[in-house]
Amino acid sequence: MRFLVILAALIGFAAPANAYWEYGHQTVAAIAWRNVTPATRAKITQLLRHTDLLKTEGCPATNIEEASVWADCIKKLGNDWRYASVWHYQDADVCKPFDVTAECKDGNCVSAQIERDVKLLKDRKAPQVERVKALLFLVHFVGDIGQPLHGAEHDHDAGGNKAQVSYGIYTTDRLNLHSVWDGLLAERAITSGPNIVRTYSRADRAKLGGGTVQDWGKDSWELAKAVYADLNDGDACKPITGRVSITEPMIQKWVPEARTQVIKGGLRLARLLDEALG
C-alpha cells in the first residue's frame, strides 16, 4: 500500500529537489527516538513544546517524526525560509577526490549545518527559538547526509536530479535517479526484512553510528560513486546520455545499502542528540 502511495505521488507531482521523502526521514527519526537516553527524550519533548516560536503554521513538529520533515515543509512557506534550501545537500563530484570545501562555502552545505545545529543545541544560553530551530534542522539533515544523492553528483547533474531513469518497468518524465533513492528505493529498503525501528545494541550503535560528520559525507559520496558505476558499466565517470534503466539486479544490490544508510542515520542522530542534550 505504501508503495502505491509513493507511486501515485510520482505520477501526480514532481519529486522535491532536495528532499529525502517523508518515510525515510520519519524512519531515521523513529530509530533515533528508540536509541536516545530517557533524559534526551525528555529534553527533545521540552524543546518541541516551543515550536510555535518559529511561526511556521502548517508545518507541525509536535513529535520527532513530524520534526524530521519540518525542514522540507517550510519550503512552501516562501522567501522567509529560502535561505535554507542549500543546506540539504553537498554535491561533491564523484570523479574528483572527495572535497566539500567549495560546496560548503560560508557553511552552506548539509555537513556544516549539522555541526552548527549541534553547537546551538549544546549552548544552553542560546535563544530558545534558535535551539528549537536547530533541533528541527538537525533531525532532518542527519537523514539527508545519509542519502548518497544528497552528497554527490556526476557531470553537474545536481545530485541525480537531472539524470533521467526508469525504475524496473516504471518510467515517467518526472522520475530521476535522485527521486528513486529518495522515495521508491527507500520505501523498498525500509519495508524489506525485519523492522529496523528498534533499540540497537551498544556494539551496533558504535559501529553504525560512529564517525564524524565529515566521515558520513564521504561515506555517502563513496556509495554514490558506486551507484553511478552500476549505471555506467562499471565506470562512474562515463557520461550518462538519455534515460538509464535501473534494472532489478541493481535494485536488489542497492536495497540493503539503502537500508543500512537509514539505520546509520537513526543511530548517528541518536548519538548527536545524546551528546548535545543528554
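None of the figures in this text is laboratory data; all of them are computed from the coordinates on show. Remember, it's a predicted structure, so these values are computed and weren't measured experimentally. Cβ: placed from backbone, ideal geometry, glycine included. Neighbour counts: every protein chain shown.
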Report summary line: Helix 110-122: inclination vs the chain longest Cα principal axis, degrees, rounded to 10, gives 10 degrees
Query raised in the report: If you line up the long axis of helix 38-48 against the longest principal axis of the chain, both from Cα atoms, how many degrees apart are they, to the nearest 10?
Result: 90 degrees
Query raised in the report: Using the reciprocal of the averaged 1/r over all distinct C-alpha pairs, how large is the Kirkwood radius of the stretch 30-79 in Å?
Result: 11.7 Å
Query raised in the report: To the nearest µm²/s, what D does Stokes-Einstein give for the stretch 46-146 at 4 °C and 1.567 mPa s, using the Kirkwood radius over alpha carbon pairs as Rh?
Result: 91 µm²/s
Requested in this report: Hey, for a label at Arg124 modelled as a point 7 Å past Cα toward Cβ, could you say which residues of the stretch 240-278 have their backbone N under 18 Å away?
Outcome: 273-278
**Report entry** Where N is the number of residues in the stretch 163-239, Cα Rg divided by 2.2 N^0.38 Å
**Finding:** 1.37
Query raised in the report: Taking a threshold of 27 Å on the Cα-Cα distance, which of the pairs Lys76/Lys253; Lys133/Lys264; Lys76/Lys96; Lys76/Lys238; Lys96/Lys264 fall above it?
Result: Lys76/Lys253; Lys76/Lys96; Lys76/Lys238
Query raised in the report: Can you list, largest first and rounded to whole Å, the semi-axes you get for the chain by taking the square root of 5 times each eigenvalue of its Cα gyration tensor?
Result: 29, 19, 19
Report summary line: Between the Cα axis of helix 2-12 and the main Cα principal axis of the chain, the angle (0 to 90°, nearest 10) is 70 degrees
Report summary line: Rounded to the nearest whole number, the Stokes-Einstein translational diffusion coefficient of the stretch 189-278 at 4 °C and 1.567 mPa s (Kirkwood radius, C-alpha pairs) in µm²/s is 86 µm²/s
Requested in this report: Using only Cα positions of the stretch 81-222, each an equal point scatterer, no hydration layer, compute I(q)/I(0) via Debye at q = 0.19 Å⁻¹ and quote the log10 values to two decimals.
Outcome: -1.24
Query raised in the report: What is the P(r) of the stretch 70-119, as percent of Cα-Cα pairs per 5 Å bin from 0?
Result: 5, 20, 24, 22, 16, 9, 4, 1
Query raised in the report: Picking from Ile31, Ile263, Ile74, which is most flexible by a Gaussian network model of the chain using Cα springs under 10 Å?
Result: Ile74
